[in-house]
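The next block holds one structure in the form of structure tokens; read it before the comments.
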Amino acid sequence: MVRRTLDSPDAIKHLVDSFYEKVQADPLVGPIFTEVAQVDWSHHLPKMYAFWESIILGNNAYDGHPFRPHLLVNQKHTLTSDHFQRWLALFSETLSEQFTGETAEQVQQRATQIAMVWSQKLDYLNNDAYMEG
């Protein structure tokens, strides 16, 4: 398979589509998307194209609050660091299989930051905040 650079809306769409194919098939995170969140993929995927375009291309395509849906899902089913580690592993696998170059490396770093920060926020909400109350 020829790896390509991550430098256009088309390349980003390919990344997102390939990644979410892995997510849907995954036994740990797949059910979170399909059963708990009951994701409407025709609505979710364009949002993810816009989110990653904003990060990668800097085009401000995404307008929203990306953490909020995770809070809502977490109220139905506790999201753990295992979920975020799997999400990151699938994302990293997709990136390394299909993309090359400096932008792909930067996107890997950004995805790692997102997974770490969101995992820590939810871990705090799920554990520490309740223990203090």
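The values are calculated or read from the model by the stated rules, or taken from the named source; none is laboratory data. Since we're looking at a predicted model, the values are computed, not measured. Backbone-built Cβ (ideal geometry, glycine too); neighbour counts: all protein chains shown.
Taking region 28-45 as the range and being more than 18 Å from Lys13 (Cβ to Cβ), in a helix (DSSP H, G or I) and either touching a residue at least 24 places away in the same chain (Cβ under 8 Å) or among the small types (Gly, Ala, Ser) (or both) as the test, the residues that pass are Gly30, Ile32, Val36. Whenever a residue of region 6-24 is closer than 14 Å to Pro46 by Cα, its partners that are surrounded by fewer than 15 Cβ atoms within 10 Å (Cβ to Cβ), lying with C-beta atoms within less than 7 angstrom and at least six residues away or across chains, give the pairs Ala11/Thr5. Scanning region 58-96 for residues being touching a helix residue (DSSP H, G or I) at 6+ places or on another chain (Cβ under 7 Å), among the aliphatic types (A, V, I, L, M) and modelled with pLDDT of 95 or more gives a total of 3. Restricted to region 75-95, and to residues there that are polar (S, T, N, Q) and in contact (Cβ under 8 Å) with a residue 24 or more places away in the chain, the residue that is nearest to Met1 (Cα to Cα) is Thr94.
Scanning region 18-35 for residues that are exposed (fewer than 15 other Cβ atoms within 10 Å of the Cβ) and among the hydrophobic types (A, V, I, L, M, F, W, C) turns up just one, Ala25.
Examine region 14-21 for a residue that is in a loop (DSSP other than H, G, I, E, B) and either at pLDDT 95 or above or among the aromatic types (Phe, Trp, Tyr) (or both), and state whether such a residue exists. Within region 14-21 (the criterion being in a loop (DSSP other than H, G, I, E, B) and either at pLDDT 95 or above or among the aromatic types (Phe, Trp, Tyr) (or both)), the answer is no, since none of the residues qualifies. Residues in region 52-69 that are buried (at least 18 other Cβ atoms within 10 Å of the Cβ) and closer than 26 Å to Asn126 by Cβ: none. Only residues that are surrounded by fewer than 15 Cβ atoms within 10 Å (Cβ to Cβ) and either in a helix (DSSP H, G or I) or among the basic types (Lys, Arg) (or both) were counted across region 82-120, and they come to 14.
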